[in-house]
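The values are calculated or read from the model by the stated rules, or taken from the named source; none is laboratory data. This one's a predicted model, so the numbers in the text were calculated from it and none came from an experiment. Quick reminder, even Gly has a Cβ in these numbers, built from the backbone with ideal geometry, and neighbours come from all protein chains shown. For the accessible areas, the whole protein counts, side chains as well, though only heavy atoms, and no ligand, DNA or RNA atoms are used. Shrake-Rupley method; radii C 1.70, N 1.55, O 1.52, S 1.80 Å.
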Amino acid sequence: MHEELKKYADTLPESILNEIEEKCPASKIKKVAARVYKEYCDAKIDAGEAVGLVSAESIGEPGTQMTLNTFHFAGVAEMNVTMGLPRIIEILDGRKNIATPMMEIFLKSPFNKGKDIHNIAMRIKESVLGEFIKEYVINIVDLKIELKLNLEKMAVIGVKPALLIKAIDKALGKEVSSKENEEGGLVVKLRGRDEKGLNDLYKAKEKLRSVYVCGIKGVSQILPVKRRDEFIIITAGSNLKKILDLDFVDETRTTCNDIYEIQKVLGIEAARQAIIDEVFKVIEAQALNVDIRHIMLVADTMCSSGEIKGITRYGVVSEKSSVLARASFETPIKHIINASLVGEIDFLNSVVENVMLNQPVPVGTGLPGLLTKVIK
Amino acid sequence: MAKKIDITKHLLVPKHVLVSDSEKKKVTDTLKLSGKELPRMLKTDPSLADLKVKDGDVIKIIRDSKTAGKTVFYRRIISS
């Protein structure tokens, strides 16, 4: 970096320094840097400025113009994703169970070229026994079920009949016993058949249908997509931890859209970045223009306690120290009753409670107090 | 299957550095804080797996920022 610019290393952000160096001829760098520094100081937010209020307005106003319920198709297949206002609400409320959990799985180098991409994707997908069965034959005399298997499909994923038997034993081992028959199918018998009837057989059949066999639990749909010059897999349903453990997955880029899952697997800082990315993606998709700094502020607020807290009365609002501030948000009576029961004291240090009491609020010019020390 | 993943290499995870005690004082002095006002971070946070942290430690986080290039952020460790 240029000598002159090094002087500003502590005061100017890196991106500005890089821009000066890139666009400015070396002879003029000293003058330009000084001028930029002045402009930068002028553009800085003053101490006491109500930035939260500005952010709230800046996100809220475009929010009114958002299409209420847009579903868009991620690629070609019939996979829909919550977008638009419902998605923003979902993220900012910090919902634990989001409507459409998704993952974007990036693959390591030999796998991302598109060869066998469908087979790789099929291995990720959660498979249940019902998918491998062509036909159920119920034998009411011997009280047993014969399963005819879809061998082509099993070959694609690499599932052997032995694995199916193992899966059945694991899930329903107490109720049924199963073994392979001569035609390459499976025979399932009820255990302790004397006291069991036909009803139990039908129930067992329904249970067999949803026995988990292989794949990543939670991944219900898969969609291989070409993005730029590589192939990625988009999934409906997410299980980030298990996916990152797979050896053909690129563990540096694979993400999901469930903020809580990211917090659990990658930590709070990653969750903050994910909140910013997800909210900005929605706003960008609607061709609205919101400065990313506003979203950063919201994300910082949500993550400042070390865990994700939604902008709700159970989240960030419940952390406020002032009773009146909490009461002014939602369910005022509950807060006031609880506060009076324990004798809570309100020091009127923040904005809302002072607005309620018709006093100057500590923002902007209302913030500084008298700095003179009175000599006694 | 049994591969050990290193989540600190993930794109979403910024660099976490443990701040030494002398540096900690410098940080709280320049920010004019007592240290308790810093944003918090759970001791059990997965991104801290490689660092040996205890309560009250300060973690320096170097984030990649879209607006500023790189920004520095501090968090204090709490146990719950």
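Tabulated results
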| read-out | value |
| --- | --- |
| Strands (runs of 3 or more DSSP E) lying entirely in the range A:212-299 (those with 3 or more residues that are open to solvent by less than 40 Å² (accessible area, probe 1.4 Å)) | A:221-227, A:230-236 |
| Selection within the range A:338-360 - open to solvent by less than 90 Å² (accessible area, probe 1.4 Å) and out of contact with any Asp or Glu (no Cβ under 9 Å at 6 or more places or on another chain) | A:Ser340, A:Gly343, A:Glu344, A:Leu348, A:Ser350, A:Val351, A:Val352, A:Asn354, A:Leu357 |
| Qualifying position, being over 41 Å from the mean Cα position of the chain (by Cα), open to solvent by 20 Å² or more (accessible area, probe 1.4 Å) and over 30 Å from A:Ile233 (Cβ atoms), among A:Glu175, A:Glu183, A:Glu206 | A:Glu183 |
| Conditions (1) open to solvent by 50 Å² or more (accessible area, probe 1.4 Å); (2) more than 9 Å from chain A (Cβ to nearest Cβ): number failed by B:Lys9 | (2) |
| Extreme residue, nearest to A:Ile16 (Cα to Cα), among residues of the range B:38-80 that are within 11 Å of chain A (Cβ to nearest Cβ), assigned to a loop (DSSP other than H, G, I, E, B) and touching a helix residue (DSSP H, G or I) at 6+ places or on another chain (Cβ under 9 Å) | B:Ala68 |
| Residues within the range A:304-359 that are in a loop (DSSP other than H, G, I, E, B) and closer than 21 Å to B:Pro39 by Cα, tallied | 17 |
| Any hit, the range A:135-153, residues being polar (S, T, N, Q), modelled with pLDDT under 80 and either open to solvent by less than 70 Å² (accessible area, probe 1.4 Å) or under 25 Å from A:Arg272 (Cα atoms) (or both) | yes |
| Residues located in the range B:44-62, provided they are closer than 30 Å to A:Tyr40 by Cα and either without any contact (Cβ under 8 Å) to a residue 40 or more places away in the chain or out of contact with any Asp or Glu (no Cβ under 7 Å at 6 or more places or on another chain) (or both) | B:Val58, B:Ile59, B:Lys60, B:Ile62 |
| Flag if A:Ala99 is within 26 Å of the chain's Cα centre (by Cα) and modelled with pLDDT of 85 or more | yes |
| Failed condition for A:Val156, given (1) in contact with a helix residue (DSSP H, G or I) (Cβ under 8 Å, 6 or more places away or on another chain); (2) open to solvent by 20 Å² or more (accessible area, probe 1.4 Å); (3) modelled with pLDDT of 80 or more | (3) |
| Evaluation of B:Ala68 against (1) open to solvent by less than 50 Å² (accessible area, probe 1.4 Å); (2) closer than 19 Å to A:Gly267 by Cβ (one fails), failing number | (2) |
| Selection status of A:Leu367, touching a His at 6+ places or on another chain (Cβ under 9 Å) and in contact (Cβ under 8 Å) with a residue 24 or more places away in the chain | no |
| Qualifying residue in the range B:1-11 (condition: within 23 Å of A:Glu261 (Cα to Cα), in a strand (DSSP E or B) and free of Cβ contacts under 8 Å to residues at least 12 places away in the same chain) | no |
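For every residue, the table says whether it meets (1) at pLDDT 85 or above; (2) open to solvent by less than 40 Å² (accessible area, probe 1.4 Å).
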position	(1), (2)
B:Lys15	yes, no
B:Ser34	no, no
B:Asp45	yes, yes
B:Leu48	yes, yes
B:Arg76	yes, no
B:Ser80	no, no
